[in-house]
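Nothing in this text is a laboratory measurement; each read-out follows from the coordinates by a stated rule. For clarity, every value in this text was computed on a predicted model and none was experimentally measured. Note: ideal-geometry Cβ built from the backbone for every residue, glycine included; neighbour counts use all protein chains shown.
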Amino acid sequence: MIIEPRMRGFICLTAHPDGCEQNVKNQIEYIKSKGVINGAKKVLVIGASTGFGLASRISSAFGSNASTIGVFFEKPPSEGKTASPGWYNSAAFEKEAHKAGLYAKSINGDAFSDEVKKQVIDMIKADLGQIDLVIYSLASPVRMDPKTGVLHRSTLKPIGDKFTNKTVDFHSGKVSEISIEPAQGDDIENTVKVMGGEDWSMWMDALKAENLLAEGATTVAYSYIGPSLTEAVYRKGTIGRAKDHLEATAFTITDSLADIKGKAYVSVNKALVTQASSAIPVIPLYISLLYKIMKEEGIHEGCIEQIQRLYADRLFSGKEIATDDKGRIRIDDWEMRPDVQEKIAKLWQEATTENLAEIGDLDGYRSDFHNLFGFGFNGVDYKAEANEMVAVESI
Ligand SMILES: NC(=O)c1ccc[n+]([C@@H]2O[C@H](COP(=O)([O-])OP(=O)(O)OC[C@H]3O[C@@H](n4cnc5c(N)ncnc54)[C@H](O)[C@@H]3O)[C@@H](O)[C@H]2O)c1
């Protein structure tokens with residue numbers, strides 16, 4: 001079939017298998033170009049199909065020759081209907097990994113469930129014995145608590161007061177004011193349930209109970225902080241409470257891994273266009289200004305550059321891992337540079353529908369958004385027939 005983008009708000013209903021493959025190949029080439037990373041060899045990535053999780057899986061496999069198990073929740077294709085992009089990304093990743101002689105298997109299912117944890121445990125027992133790095137990179141709007149059966153929904157709301165600020169519809173470029181009502185009722189608890197650290201802990205407990213974590217195993221989850229401009233809706237909002245919980249969980253996991261000398265870290269990553277971040281109001285305007293400034297300064301990074309730097313300069317540099325006063329690894333350091341943030345704060349005041357394309361990087365935002373779904377890549381013939389029925393080799 002000929003596959004074209006069909007945009008609906010902050011999602012695209014179609015994905016291009018060849019474009020997703022090109023995206024994965026580009027990331028693999030980047031990692032190879034940066035040389036060997038002396039990193040973990042047996043890696044489990046939870047949330048492995050898109051964004052930071054996919055970049056982590058690629059960095060481990062093609063930077064450190066690691067065996068990887070990837071867990072994700074994606075929609076497979078059916079005749080005439082494309083899969084979700086993470087499916088095609090994972091198909092392309094496995095194909096390239098297998099070609100390179102690397103072990104790579106995937107599990108498509110709900111990572112919050114006991115069943116998927118059990119499947120992963122059985123796979124590790126059968127194939128790898130023990131794991132030495134667990135990357136936790138889930139971004140989900142809902143989570144079913146496996147113990148209670150209750151379905152929790154996360155929200156992206158301010159806490160306390162209504163929040164009013166500028167935002168942009170990145171398709172049309174229209175800058176407008178948006179007001180978001182504050183959290184009510186169980187909004188905070190529910191968001192912490194979904195995006196906090198409880199499930200991360202459950203994964204680590206389950207792996208440890210089965211003796212599947214190697215001596216000195218490391219686990220890393222991803223967080224975000226961002227500037228004061230977005231803090232009402234992000235870091236001081238419901239999602240920020242979940243990130244506080246996730247960050248606190250790193251310490252309890254480290255305690256529970258003491259006997260195997262294991263360690264849990266949170267890495268604070270840069271704001272980037274992913275399926276998760278496009279859904280957050282205000283953030284797309286911030287990102288389009290951020291991209292403009294960071295590109296001008298020559299310090300712009302995508303997910304793969306971020307994770308390559310996390311691995312090479314922090315986690316596996318051979319030196320002591322630098323953290324901030326809250327124990328977090330900071331690879332949002334370039335985003336948070338005072339000169340970068342000062343420029344954004346000034347542009348924020350000036351931004352209008354008329355000038356955003358010029359003072360911000362709206363084109364860069366849109367292009368990244370199209371790329372998420374496999375569109376807009378050089379070397380892909382989008383007018384040609386594409387086969388939507390692509391399989392993930394191990395599934
Ligand atoms: N995008 C950003 O700007 C940004 C910045 C800093 C930190 N982060 C954090 O990085 C992490 C990953 O976010 P992302 O932006 O890469 O998101 P993403 O949407 O690109 O990826 C989410 C991944 O989670 C998987 N997933 C979702 N629900 C699942 C479920 N129930 N079971 C199994 N897999 C499931 C998806 O399949 C996908 O692999 C999040 O914790 C996010 O807060 C994101």
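A few comments on the model shown:
- Straight Cα distances below 26 angstrom link residue 295 to the lysines 25, 32, 34, 166, 174, 270, 343, 346, with same-chain residues fewer than 8 positions distant left out.
- Under-5 Å amide H pairs with residue 223, H placed in peptide plane, nonlocal only: 267, 268, 269
- Placing unit charges on the Cβ atoms only, positive for Lys and Arg and negative for Asp and Glu, gives segment 244-323 a dipole magnitude near 160 debye about its Cα centre.
- Normalised contact order of segment 37-118, rounded percent, pairs of Cα under 8 Å and 6 or more residues apart: 29 percent
- Helix-derived mean residue ellipticity, 222 nm - over the chain, DSSP H n ≥ 4, -39500 (n - 2.57), to 500: -12000 deg cm²/dmol
- Cα shape, segment 220-286, gyration tensor, a/c 1.5 rule: prolate
- Segment 1-135 - share of DSSP beta bridges that are antiparallel (%, nearest 5): 20 percent
- Charge dipole magnitude, Cβ of K and R +1, D and E -1 - segment 1-143, Cα centre, debye nearest 20: 220 debye
- Segment 79-214 - Rg and Dmax from Cα coordinates, angstrom: 19.7, 55
- Taking Cα centre as origin and charging only the Cβ of basic (Lys, Arg, +1) and acidic (Asp, Glu, -1) residues, the dipole magnitude of the chain rounds to 340 debye.
- Cα-Cα P(r), segment 1-155, percent of pairs per 5 Å interval: 2, 9, 17, 21, 19, 15, 11, 6, 2, 0
- The packing ranking of peptides 218-227, 40-49, 157-166, highest mean first, is 40-49, 218-227, 157-166, where packing means the average number of other beta carbon atoms within 10 angstrom of each residue.
- For segment 291-343: rounded, prolate or oblate by the Cα gyration tensor [a/c cutoff 1.5]: oblate
- Most positive-pole-ward Cα, 351, 273, 163, against dipole of the chain from beta carbon charges: 273
- With the highest mean first, a sort of the peptides 69-77, 374-382 on other beta-carbon atoms found within 10 angstrom per residue produces 69-77, 374-382.
- Three-way shape label, segment 188-342, alpha-carbon gyration tensor, a/c 1.5: oblate
- Ranked by the mean number of other Cβ atoms within 10 Å of their residues, highest first, the peptides 317-329, 234-246, 204-216 come out as 234-246, 204-216, 317-329.
- Calculated on alpha-carbon atoms, Rg and Dmax of segment 290-394 in Å: 18.6, 53
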